[in-house]
1. Could you please give the count of residues in the range 432-442 that are in contact (Cβ under 8 Å) with a residue 12 or more places away in the chain and either open to solvent by 10 Å² or more (accessible area, probe 1.4 Å) or not in a loop (DSSP other than H, G, I, E, B) (or both)?
2. Residues that are out of contact with any Phe, Trp or Tyr (no Cβ under 9 Å at 6 or more places or on another chain) and touching a residue at least 40 places away in the same chain (Cβ under 8 Å): which helices (runs of 4 or more DSSP H) entirely in the range 164-257 hold 2 or more of them?
3. Name, by its number, the condition in (1) buried (at least 24 other Cβ atoms within 10 Å of the Cβ); (2) touching a Lys or Arg at 6+ places or on another chain (Cβ under 9 Å) that does not hold for residue 139.
4. Among the residues of the range 88-124, which ones are open to solvent by 10 Å² or more (accessible area, probe 1.4 Å), assigned to a helix (DSSP H, G or I) and in contact with an Asp or Glu (Cβ under 8 Å, 6 or more places away or on another chain)?
5. Taking residue 240, is it open to solvent by 10 Å² or more (accessible area, probe 1.4 Å), away from the ligand (no atom under 16 Å from the Cβ) and not hydrophobic (A, V, I, L, M, F, W, C)?
6. Restricting to the range 247-305, name every residue that is open to solvent by 20 Å² or more (accessible area, probe 1.4 Å), within 16 Å of the ligand (Cβ to nearest atom) and in contact with a helix residue (DSSP H, G or I) (Cβ under 6 Å, 6 or more places away or on another chain).
7. List the number of the failed condition for residue 318; all other conditions in (1) over 28 Å from residue 13 (Cβ atoms); (2) within 16 Å of the ligand (Cβ to nearest atom) hold.
8. When both residues are 6+ apart or on different chains and their Cβ atoms are under 9 Å apart, which pairs have a first residue that lies in the range 84-101 and is within 23 Å of residue 155 (Cα to Cα) and in contact (Cβ under 8 Å) with a residue 60 or more places away in the chain, and a second that is among the acidic types (Asp, Glu) and open to solvent by 20 Å² or more (accessible area, probe 1.4 Å)?
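The values are calculated or read from the model by the stated rules, or taken from the named source; none is laboratory data. Note that the coordinates shown come from a computational prediction; the quantities given were computed from them, not determined experimentally. Cβ atoms come from the backbone with ideal geometry, glycine included; neighbour counts cover every protein chain shown. We work out accessible area using only protein heavy atoms, side chains counted, and drop any ligands, DNA or RNA first. Shrake-Rupley method; radii C 1.70, N 1.55, O 1.52, S 1.80 Å.
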Amino acid sequence: MLTFPDDFLWGAATAAYQIEGAWQADGKGESIWDRFSHTPGKTRNGDTGDVACDHYHRWPDDIRLMQTLGLNAYRFSIAWTRILPHGRGPVNQAGLDFYSRLVDGLLAAGIAPGVTLYHWDLPQALQDDGGWANRDTAAAFVEYADAVSRCLGDRVKLWITHNEPAVATWNGHLSGEHAPGIQDLAAAAAVSHHLLLSHGWAAPILRQNSPASEVGITLNINWFAAASRSAADLDAERREDGPWTRWFLDPLYGRGYPADIVADLNADGAFPHGVLSYVQPGDMATIAAPTDFLGVNYYYRTILRSRRMAEADNLPPTVVPGPRDLDHWTEMGWEIYPDGLFKTLARLAFDYQTPKLYITENGASYADGPGPDGRVHDSRRIIYLRQHLAAAWRAIQIGVPLAGYFTWSLLDNFEWAHGYAQRFGITWVNYETQERIIKQSGRWYGEAAVNGGFAPG
Ligand code: IFM
């Protein structure tokens, strides 16, 4: 039996835009994801989060689902536009009431609420003023954090300021595959800084309004590995891990922005005034103020091979393709590599000396739906969860301060640019009828939660 600590959090995670629907209900304003998904060609099949899992109306059922599973924690995000429809200004009480009812419902069910304040759905009104590239947006975030934590601060256990700022930065402002769909390296760099700055500014407010809670941030940290020990391949690894991981981790842990990546970016020619021209005195200390925990979203490994034929070449590294069978890769095309979770947790604990860690997301996309018996036999997801939880358990054995695990996701949901084509849930959702069916993986995970561990498979 792999037994976890008694107070370990066994949870599931979701995000507002991916499950709530009700995109215009009760005074909610428009977000950048509303605008983006309503723009033709931006998401697969033109899918939107307009209805999604209709969680806005079905949340009592979804709490019952978690109770049936035996979970003791739930991580969800708040839609900024329900609270401040235009980003700042008067509070929309109906929006706050919705989350207040949800939190009360969770507590009544014995489930600890963990709130993410920003899971990518910026108010469109703030985007119209420059979005995260504009420093004022960080100040608006503080107003929003204050309004939410004044209301929920007496009941929330975990506050996560941001979810995966790297994705909001690079996918939203460099590749443009996510909202707001911008492709501008200089803007992206400023966005990353303002996201981190807003975290640093909001953390003390959250602490003040919610003294009994823990405050942190969630980063997506996957495992990057060089295809060989050659200098060129090691450099390819550095060039991926740098912007995706160290660019965010290093400032948060007092190391400043990594000098090698600053140099790479400067070499790009996109920064006439230098890469860090948007950094003001005091910012780095604000960003590095200690937090209670770091949230880690881990999914896969990427193996990198250099394409540089000569030192002067500036070709981006290439990803080494794998066999792509579904026993080794999920339907997202992500390699299954549980050891990467173990190594990531060890890296964070031993290199960055993080005080406490939560795995705030981990899971797999497989399309399995109900079989003739009405059940969803998603055995590959069970294997994925078992292997990753075993890696987490091993990390605890070597001294990593891991305090909880939230699987992604409680429900199948809107997977951003992939629309509804990718299903990550431990609960299957029929998007026509909104019926929910707990998958076999959900049953397995629930049993592990209730027993505080599981037999190694
Ligand atoms: O669905 C996303 C989530 O919103 C953020 N982390 C990764 C998940 C799967 O892609």
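1. Qualifying residue count for the region: 7.
2. Passing ranges, in order: 185-209, 231-241.
3. (1)
4. Matches in the range 88-124: 94, 124.
5. When the stated conditions are applied, residue 240 passes them.
6. 301
7. (2)
8. Taking only residues 6 or more apart or on different chains, the pairs are 84/143; 92/26; 94/26; 95/26; 98/26.
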